[in-house]
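These notes concern the structure reproduced below.
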Amino acid sequence: SRRARQVVAHCRPAVGDVAESRTVHFDNRAMNAHRLVTRRHAGPRGFTLIELMIVVAIIAIIAAVALPAYFGSVRKSRRADAITALSQIAQAQERWRANNTTYSTVLTGAGLNVPNPSSGYYTLAVSAASGTGYTATATAAGAQLADTQCSSLTLTMAAGTITYTAVPAANANRCWNR
């Protein structure tokens, strides 16, 4: 025997209508079969190709803006290593000069004992050493060669005055964070 159940559903009356009630009979098996069919064909699951392409386009736009800014920040942080190394050379030169008649051009060993930065992003050199001054230069190397705004940082000591320059010259204050 089939079980049937009664459900009383009340419909909302339209304006001016009289409320009526209906009695509806449902067969349990028919109702369950309808639910299974409804679940199977409830609609597409997952993402469409258009939706995925929109997401890929948005990610590409964000990457196009963010990556250059990120790499610029990385290059700028590497400049800090060069500035630190040049400051170490200046300090070592003053210690050297306190015991000698001229500044030194030798960075390691018997000279200033200032090694090139281990990062390999800059090459250090000291030139034009005399009794009154010297020039210390940090030149971009390796991946830092992409830093065209500050490819070389130079610290020049002349007659007790230190001058900070960069290549290209227009960017000196920016390269030295001044």
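The values are calculated or read from the model by the stated rules, or taken from the named source; none is laboratory data. Predicted, not measured: the structure shown is a model, and the values here were computed from it. Methodologically, a virtual Cβ is constructed for each residue, glycine included, from the backbone with ideal geometry; neighbour enumeration extends over all protein chains shown. Just so you know, the surface numbers come from the protein's heavy atoms only, side chains and all, with ligands and any DNA or RNA stripped out. Shrake-Rupley method; radii C 1.70, N 1.55, O 1.52, S 1.80 Å.
Side notes on the structure shown:
- Within segment 99-116, the set of residues being without any contact (Cβ under 8 Å) to a residue 12 or more places away in the chain and either over 19 Å from Leu155 (Cα atoms) or touching a Cys at 6+ places or on another chain (Cβ under 9 Å) (or both) comprises Asn99, Asn100, Gly109, Ala110.
- Condition check for Asn113 on (1) part of a loop (DSSP other than H, G, I, E, B); (2) more than 23 Å from Lys76 (Cβ to Cβ); (3) at pLDDT 85 or above: one failure, at (3).
- Of the candidates Val114, Val106, the single residue that is in contact with a Leu (Cβ under 7 Å, 6 or more places away or on another chain), open to solvent by 30 Å² or more (accessible area, probe 1.4 Å) and more than 17 Å from Tyr164 (Cβ to Cβ) is Val106.
- Residue list for segment 82-103, filter: open to solvent by 60 Å² or more (accessible area, probe 1.4 Å) and closer than 17 Å to Cys175 by Cα: Thr84
- Among the residues making up segment 62-78, those that are over 14 Å from Asn116 (Cα atoms) and surrounded by 12 or more Cβ atoms within 10 Å (Cβ to Cβ) are Phe71, Gly72, Val74, Arg75, Lys76.
- Enumeration of residues in segment 117-129 that are surrounded by fewer than 12 Cβ atoms within 10 Å (Cβ to Cβ) and within 19 Å of Thr154 (Cβ to Cβ): Ser127
- In segment 129-151, the condition of being closer than 24 Å to Ala69 by Cα, of a type in the set (Gly, Ala, Ser) and modelled with pLDDT under 85 is met by no residue.
- Answer residue from segment 142-161, given it is under 15 Å from Ala85 (Cβ atoms) and either aromatic (Phe, Trp, Tyr) or in contact with a Ser or Thr (Cβ under 9 Å, 6 or more places away or on another chain) (or both) and is most open to solvent (accessible area, probe 1.4 Å) among those: Gly142
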